[in-house]
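What follows is one structure encoded as structure tokens, with my remarks underneath.
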Amino acid sequence: MAKRALITGITGQDGSYLAELLLDLGYDVYGLVRRTSTQNFERIAHIQHRLNLISGDLSDQTSLQEALIQANPDEVYNLAAQSFVQTSWAQPVFTGDVTALGVTRLLDAIRHINPTIRFYQATSSEIFGNVREVPQRETTPFYPRSPYGVAKVYGHWITVNYRESYGIHASSGILFNHESPRRGFEFVTRKVTRGVAMIKLGLAHELHLGNLDAQRDWGFAGDYVKAMWRMLQEDTPGDYVIATGKTWSVQKLVETAFEYVDLDWRDYVRQDPSFIRPAEVDLLVGDPTKASTILGWEPSVGFVELVRMMVDADLKLLQENAVTAAGV
Ligand code: NAP
Ligand code: G4F
């Protein structure tokens with residue numbers, strides 16, 4: 001019989017790649033979707049006919065219980081969150097409610113409805129914040145630097161706690177930044193690749209950015225969802241850092257993207273204080289040795305290839321939109 005999986009956050013970047021992977025593996029895939037005034041199923045439109053979508057919200061306990069009863073899953077992947085760090089300062093209580101307490105709501109629903117369900121929690125390298133060790137690994141102490149990072153620390157520990165208290169097969173993936181052509185426009189990689197594509201096509205003349213010195217360990221989202229699945233196939237649940245082990249500055253990201261389309265970034269990039277954060281995470285670089293050893297997981301897409309893939313996709317998207325708008 002086919003395995004069944006429930007994905008929260010299925011309309012997001014990772015949710016869409018994970019849904020594709022699980023469908024390819026022969027799963028029956030269920031997705032929790034929240035009601036929005038305008039439907040935002042773009043990332044899953046190409047597979048929507050193969051998915052079972054259930055209405056629910058991480059802030060609504062009853063809807064989570066109903067979703068578990070309806071989907072009757074073997075595996076639950078909790079990817080839903082208020083996931084944008086900058087917004088977490090503007091909406092700290094909301095971020096805590098969804099990104100932190102939402103994890104408890106879901107775990108507690110699992111505990112009551114079917115404690116044999118295997119659970120994946122989308123933890124973040126933002127928990128390392130003001131890093132205590134370089135590179136960061138599973139044993140590195142946490143020092144979050146935003147309400148989002150604090151909420152993710154809570155989500156991580158409640159996952160560990162339900163594993164230890166109730167024997168739930170619950171794993172926490174401490175994922176470093178991962179990107180793709182499906183990344184939200186507000187995140188720096190997509191903002192840059194979209195900006196570069198617009199400038200190249202003559203649709204914009206400037207790109208406004210914040211701190212160019214921050215360093216991130218950027219990988220490809222399509223690789224990272226494979227690690228999530230592998231964690232839940234292990235006999236023993238655990239916590240895993242998922243990263244490339246290499247780090248790059250925002251400025252290097254900018255240079256790489258502009259250079260790819262034969263433009264000099266200095267002619268277009270403007271520093272804008274409105275994108276500077278109240279507290280910054282200066283350096284993230286992960287050590288994925290545990291994931292490599294136990295899960296056999298390795299990243300397949302390097303930084304330059306990733307940036308070029310995203311620029312190409314944004315150029316194509318903008319050109320297609322122009323053709324559609326012109327009615328050609
Ligand atoms: P994303 O594109 O922002 O997607 C977030 C998803 O969560 C969307 O489907 C969103 O639904 C859903 N959601 C938000 N609030 C919800 C609520 N109250 N109830 C139910 N669903 C809700 O994020 P992502 O990049 O795919 O990341 C997936 C997860 O991994 C997140 O938990 C994120 O914090 C974490 N993470 C991401 C990275 C990364 O680099 N991408 C790294 C580490 C950890 P709508 O479409 O309706 O908004
Ligand atoms: O792309 P970002 O917004 O990602 P950030 O804050 O690292 O968070 C992402 O990765 C986390 C994993 O470490 C996830 F948990 C989280 O959900 C999210 O997916 O910003 C990256 C860096 C920051 O240092 C920021 O200050 O880019 C810098 N930056 C400089 N100018 C900018 C901008 N970031 C954004 N979003 N917009 C700018 O204009």
Can you name the residue in segment 273-326 that is part of a helix (DSSP H, G or I) and aromatic (Phe, Trp, Tyr) and is also most open to solvent (accessible area, probe 1.4 Å) among such residues?
Phe275
Can Arg137 be described as more than 16 Å from ligand 2 (Cβ to nearest atom) and open to solvent by 40 Å² or more (accessible area, probe 1.4 Å)?
no
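Is it true that some residue in segment 161-175 is among the β-branched types (Val, Ile, Thr), outside any helix (DSSP H, G or I) and within 10 Å of ligand 2 (Cβ to nearest atom)? Don't jump to the end; show me each part of the working.
Taking segment 161-175 first, the residues among the β-branched types (Val, Ile, Thr) are 168, 174.
Now drop any that are not outside any helix (DSSP H, G or I), which leaves 168, 174.
Adding the requirement that they be within 10 Å of ligand 2 (Cβ to nearest atom) leaves 174.
Among the residues of segment 161-175, at least one is among the β-branched types (Val, Ile, Thr), outside any helix (DSSP H, G or I) and within 10 Å of ligand 2 (Cβ to nearest atom), which makes the answer yes.
Only one residue in Val160, Val188, Val134 is farther than 24 Å from Tyr77 by Cα and more than 13 Å from ligand 1 (Cβ to nearest atom). Which one? Full working, then the answer.
Working: Val160 fails: farther than 24 Å from Tyr77 by Cα; Val188 fails: more than 13 Å from ligand 1 (Cβ to nearest atom).
Criteria check complete, one pass: Val134.
Quick check on this structure: which one of Arg194, Arg182, Arg190 is more than 30 Å from Pro115 (Cα to Cα) and in contact with a Pro (Cβ under 9 Å, 6 or more places away or on another chain)?
Values: Arg194 fails: in contact with a Pro (Cβ under 9 Å, 6 or more places away or on another chain); Arg182 fails: in contact with a Pro (Cβ under 9 Å, 6 or more places away or on another chain).
Going through Arg194, Arg182, Arg190 in turn, just one is more than 30 Å from Pro115 (Cα to Cα) and in contact with a Pro (Cβ under 9 Å, 6 or more places away or on another chain): Arg190.
Residue-by-condition table, conditions (1) assigned by TED's automatic domain parsing to the domain that holds Glu126; (2) of a type in the set (A, V, I, L, M, F, W, C):
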| site | (1), (2) |
| --- | --- |
| Met198 | no, yes |
| Leu201 | no, yes |
| Ala204 | no, yes |
| Leu209 | no, yes |
| Lys226 | yes, no |
| Trp229 | yes, yes |
| Thr236 | yes, no |
| Glu255 | no, no |
Single condition Arg270 does not satisfy, out of (1) away from ligand 2 (no atom under 12 Å from the Cβ); (2) in contact (Cβ under 8 Å) with a residue 60 or more places away in the chain; (3) open to solvent by 50 Å² or more (accessible area, probe 1.4 Å); (4) not assigned by TED's automatic domain parsing to the domain that holds Pro144
(1)
Of all residues in segment 112-131, which are within 16 Å of ligand 1 (Cβ to nearest atom) and under 27 Å from Ala71 (Cα atoms)?
Phe119, Tyr120, Gln121, Ala122, Thr123, Ser124
Per the list (1) open to solvent by 10 Å² or more (accessible area, probe 1.4 Å); (2) out of contact with any Phe, Trp or Tyr (no Cβ under 7 Å at 6 or more places or on another chain); (3) within 11 Å of ligand 2 (Cβ to nearest atom), residue check on His178 breaks on (2)
Single match in Glu255, Glu280, Glu259 (criterion: under 17 Å from Ile127 (Cα atoms) and away from ligand 1 (no atom under 16 Å from the Cβ))
Glu280
Taking the condition more than 13 Å from ligand 1 (Cβ to nearest atom) and surrounded by fewer than 15 Cβ atoms within 10 Å (Cβ to Cβ), does Asn52 pass?
yes
In segment 119-130, is there at least one residue being open to solvent by 10 Å² or more (accessible area, probe 1.4 Å) and assigned to a loop (DSSP other than H, G, I, E, B)?
yes
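Please determine, by comparing only the residues of segment 185-210 that are within 9 Å of ligand 2 (Cβ to nearest atom) and surrounded by fewer than 16 Cβ atoms within 10 Å (Cβ to Cβ), which one is nearest to the chain's Cα centre (by Cα).
Taking segment 185-210 and keeping what is within 9 Å of ligand 2 (Cβ to nearest atom), we get 186-192, 207-210.
In the following step, the residues that additionally are surrounded by fewer than 16 Cβ atoms within 10 Å (Cβ to Cβ) were identified as 186, 208.
Values: Glu186: 13, His208: 23 Å.
That would be Glu186.
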Output the number of the condition that Asn40 fails; it satisfies all remaining conditions of (1) more than 8 Å from ligand 1 (Cβ to nearest atom); (2) within 26 Å of Thr189 (Cα to Cα); (3) open to solvent by 60 Å² or more (accessible area, probe 1.4 Å).
(1)
In segment 79-103, anything open to solvent by less than 30 Å² (accessible area, probe 1.4 Å) and farther than 16 Å from Ile10 by Cα is listed as Val85, Ser88, Thr95, Gly96, Ala100
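Taking the condition away from ligand 2 (no atom under 13 Å from the Cβ) and touching a helix residue (DSSP H, G or I) at 6+ places or on another chain (Cβ under 6 Å), does Ile127 pass?
So Ile127 fails the test.
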Under 7 Å by Cβ, and 6 or more places apart or on different chains, what pairs join a residue from segment 121-135 that is of a type in the set (A, V, I, L, M, F, W, C) with one that is more than 9 Å from ligand 2 (Cβ to nearest atom) and assigned to a loop (DSSP other than H, G, I, E, B)?
Ala122/Leu79; Ile127/Phe142; Ile127/Pro144; Phe128/Thr140; Phe128/Phe142; Phe128/Tyr143; Val134/Val285
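Confirm whether Thr62 is part of a helix (DSSP H, G or I) and open to solvent by 70 Å² or more (accessible area, probe 1.4 Å).
On the way: part of a helix (DSSP H, G or I): yes; open to solvent by 70 Å² or more (accessible area, probe 1.4 Å): yes.
Here the answer is yes, as Thr62 does meet what is asked.
The values are calculated or read from the model by the stated rules, or taken from the named source; none is laboratory data. No experiment lies behind these values; they were computed from the predicted model shown. Cβ: placed from backbone, ideal geometry, glycine included. Neighbour counts: every protein chain shown. Note: accessible area is taken over every heavy atom of the protein model, side chains too, but ligands, DNA and RNA are not part of it. Shrake-Rupley method; radii C 1.70, N 1.55, O 1.52, S 1.80 Å.
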